[in-house]
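Scroll down for the structure; my scribbles are underneath it.
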Amino acid sequence: MTRWPSLATRSVRTLSIAGFVALLALVPLPAAAQDTPPAYLDPALGIDERVADLLERMTLEEKVGQMTLIERGSIGPADVERYAIGAVLSGGGGYPPGDNTVAGWTAMVRGYQEAALATRLGIPLLYGVDAVHGHANVVGAVVFPHNVGLGAADDPDLVEAISRATALEMLATGIHWNYAPVLAVPRDIRWGRTYEGYGEDPDLVTRLALAAQRGLQGDDLAAPDTVLATPKHFVGDGGTAFNTSPISGGLLDRGDTLVDEATLRRVHLAPYVDAVANGARSVMVSFSSWQGLPMHGHSYLLRDVLRGELGFDGFVVSDWAGVDDVARDYDRAVALSIAAGVDMNMVPYDHRRFIAATLRAVERGDVTLERIDEAVANILRVKFELGLFERPFGDDALQASVGSDEHRALAREAVAKTLVVLKNDAAALPLRADAAQTVLVVGSAADSIGMQSGGWTIEWQGSTASLTPGTTILEGLRTGFGPATTLHFDARGRFERADAAPERAELGIAVVGEVPYAEWFGDDATLELSLADAIAVERLRARVDALVVVLVSGRPLVIEHELHLADAFVAAWLPGSEGDGVADVLFGEREAVGTLPYTWPRSVAQLPFDLDALPTDGCDAPLFPRGYGLRYGDATDVSPWLTLAAHCAAEHPSRTASGRNHP
Ligand code: BGC
Ligand code: BGC
């Protein structure tokens, strides 16, 4: 940077005599000395000193600009410069329109950063994304398994390596800020964000979230290969009560967490204690409420607990328009949330409105200047820690890492570790790759990168389409079977077209699953397989000797009937772009090692579980407990859970697909 901010525009408030003399002394300085960069640009100085120096130079408008986070679809570089905006994000699906490529992303982010650097003080902006399973808004980036699968793998080193790879793919596009990891401890799997959490156990969530944070931030946030993590959503997002969602179509999402304080602390706050102690520098507020009070206005939890007790001194960022819900009146909502401890507002659409409301709040005295300075200092401190003033751009040399073979290999290994074998009778698994056999494959999730990737993939809600490069589960199967095997595929299991599938086959594989969703779109009261998939399983069962069912889903579904029909049943969660990792386990190239991160219900009538008092026998017991998962070496009849499952399934014949079809 060549243009130093001029001292003349420095905000001169009430000057002491000494200060006045010092200022006078600056006037006759020779030209060379006037070119000395201001203290805040001097990397040799301590961060507190740099923050204080910069804060001192800022106007109120520039301070409020730093508190503003806006979605890229609602702002161009010109307004970033004009309003001295502090941060920009890409929401889910927020790719450069018409150019979802690494080059397109890099140019877009660079454009905003250059605008920020062109402002009077040249404060670099933070650009944020939800790289919650890889840098997955970018076509061609590696899409890693969603957290539910990583919870099943329970391998902190693996999670750390995935987050490292994600950080590099982000930096390749110039992005330094990730809205991850999710620290939710989902307690009711009907919630549409269940898959974003690692599991229902706070210790598991803590262990893996810490690994993710370490992977993103490394040992040194200022290093050129690290990005800022954002544990979210503070706090209690996974604990909302059924039917308390305030939004249309929602059941649990953004709802009210009605638990008492001891439970809130034991279950939902616990991961934050460790995240903060281990270097969390930004925390995102939850859309949910605790006992009726929205988190975005919750000064007890945001100030007394998070800052006071946990000692957090990074910055608190709101969720998407989360501030707006604190009060009916926008000005009041803004004032209340800033006072309660929100430092940066993910506005996300109208920066002018937020800036004006904040300036009015200061004018009215509803928000003090001290509070504004505190919020801005929190934000600037982290920008300095990240090294943004020294290195505001990403690293073009990393572009080759986006979707690299190395990252794909890591994802494939991860996928294999996430699989949980629920049932394996008559050693149906591993599959025999070299047998002379006919294999029929059915199911909506067999041949779709979109289905196996879930939400937060290219689009906010994901999509069933082939969104981005990778291998489907079917492709993995085709590659795995030797030349002696003939494979036929029909998603719906009709095999009627010129496919020449024989009436009977040795092996059937049904890959069934949930259509992608994110947030409240995924709240689901029934947790049923789609009718098409349920029928495909029944059709397949009728014509094969051995039936293997693979479930691609963000959570346990009600599968009692299909489990009963299947010889082997595997939960594959949302594996992401590397579907061949599923085949690796099915063929026994890799051992099945996953265990359930959530208790699996027999029916939705069992939900929500009281996890402290689960029935363990009879059909009131869950279908499978947390931690359940078979190994190939296990004897086939070892599991009392499977015996019980068979018994209870026999009592529920109404759950067949044909039963649903003709009620
Ligand atoms: C989600 C956050 C996300 C943000 C930005 C919100 O709707 O709750 O998890 O970080 O959008 O995309
Ligand atoms: C954005 C998401 C965001 C959501 C919140 C969407 O339009 O793409 O990132 O989480 O809105 O409602």
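The values are calculated or read from the model by the stated rules, or taken from the named source; none is laboratory data. Computed from a predicted model, the values in this text were never measured in an experiment. Cβ: placed from backbone, ideal geometry, glycine included. Neighbour counts: every protein chain shown. What goes into the accessible areas is simple: the full protein's heavy atoms, side chains included, and nothing from ligands, DNA or RNA. Shrake-Rupley method; radii C 1.70, N 1.55, O 1.52, S 1.80 Å.
Odds and ends about this structure:
- Residue match in the range 307-323 (condition: basic (K, R), farther than 13 Å from V283 by Cα and surrounded by fewer than 24 Cβ atoms within 10 Å (Cβ to Cβ)): no
- Scanning the range 431-459 for residues being surrounded by fewer than 20 Cβ atoms within 10 Å (Cβ to Cβ) and touching an Asp or Glu at 6+ places or on another chain (Cβ under 8 Å) gives a total of 3.
- The set of residues from the range 282-298 being away from ligand 1 (no atom under 16 Å from the Cβ) and either in contact with a helix residue (DSSP H, G or I) (Cβ under 6 Å, 6 or more places away or on another chain) or open to solvent by less than 30 Å² (accessible area, probe 1.4 Å) (or both) comprises W290, G297, H298.
- Only one of the numbered conditions (1) on the phi < 0 side of the Ramachandran plot; (2) of a type outside the set (D, E); (3) touching a residue at least 60 places away in the same chain (Cβ under 8 Å) is violated by L487, and that is (3).
- From A44, A136, residue being over 30 Å from V362 (Cα atoms), in a loop (DSSP other than H, G, I, E, B), outside the structural domain of M284 (by TED's automatic domain parsing) and open to solvent by 20 Å² or more (accessible area, probe 1.4 Å): A44
- Residue count for the range 512-540 under the criterion of being closer than 20 Å to I473 by Cα, open to solvent by 40 Å² or more (accessible area, probe 1.4 Å) and within 16 Å of ligand 2 (Cβ to nearest atom): the result is 0.
- Residue in the range 102-117 that is within 15 Å of the chain's Cα centre (by Cα), under 17 Å from L168 (Cα atoms) and either surrounded by 19 or more Cβ atoms within 10 Å (Cβ to Cβ) or away from ligand 2 (no atom under 16 Å from the Cβ) (or both) present: no
- Hits in the range 439-482 - residues which are more than 16 Å from ligand 2 (Cβ to nearest atom) and of a type in the set (F, W, Y): F481
- Single unsatisfied condition, L301 versus (1) away from ligand 2 (no atom under 16 Å from the Cβ); (2) surrounded by fewer than 17 Cβ atoms within 10 Å (Cβ to Cβ): (2)
- Hits in the range 584-619 (condition: farther than 22 Å from V205 by Cα, in contact with a Leu (Cβ under 9 Å, 6 or more places away or on another chain), assigned to a loop (DSSP other than H, G, I, E, B) and open to solvent by 30 Å² or more (accessible area, probe 1.4 Å)): G588, R590, D617, G618, C619
- Every residue from the range 491-538 that is in contact with a Gly (Cβ under 8 Å, 6 or more places away or on another chain) and among the aromatic types (F, W, Y): Y517, W520, F521
- Residue in the range 73-90 that is farthest from ligand 1 (Cβ to nearest atom), counting only those that are within 10 Å of A118 (Cα to Cα) and either open to solvent by less than 10 Å² (accessible area, probe 1.4 Å) or free of Cβ contacts under 8 Å to residues at least 12 places away in the same chain (or both): R82
- Flag set for G93, criterion: open to solvent by 10 Å² or more (accessible area, probe 1.4 Å), within 16 Å of ligand 1 (Cβ to nearest atom) and touching a residue at least 12 places away in the same chain (Cβ under 8 Å).
- Filter result for K383 (crowded, with 20+ Cβ neighbours inside 10 Å, charged (D, E, K, R) and closer than 30 Å to L644 by Cα): no
- Condition met for G581 (within 22 Å of the chain's Cα centre (by Cα), in a helix (DSSP H, G or I) and farther than 23 Å from E506 by Cα): yes
- For L422, the conditions (1) over 12 Å from A592 (Cα atoms); (2) over 24 Å from the mean Cα position of the chain (by Cα); (3) in contact (Cβ under 8 Å) with a residue 40 or more places away in the chain are fulfilled apart from (1).
- Residues considered: I123, I85. Of these, the only one that is assigned to a loop (DSSP other than H, G, I, E, B) and touching a His at 6+ places or on another chain (Cβ under 7 Å) is I85.
- Selection of first residues in the range 318-336 that are farther than 18 Å from I379 by Cβ and within 16 Å of ligand 2 (Cβ to nearest atom) and of second residues that are among the small types (G, A, S) and modelled with pLDDT of 95 or more, restricted to Cβ pairs under 6 Å at least 6 apart or on distinct chains, gives the following pairs, ordered by first then second residue: D324/A333.
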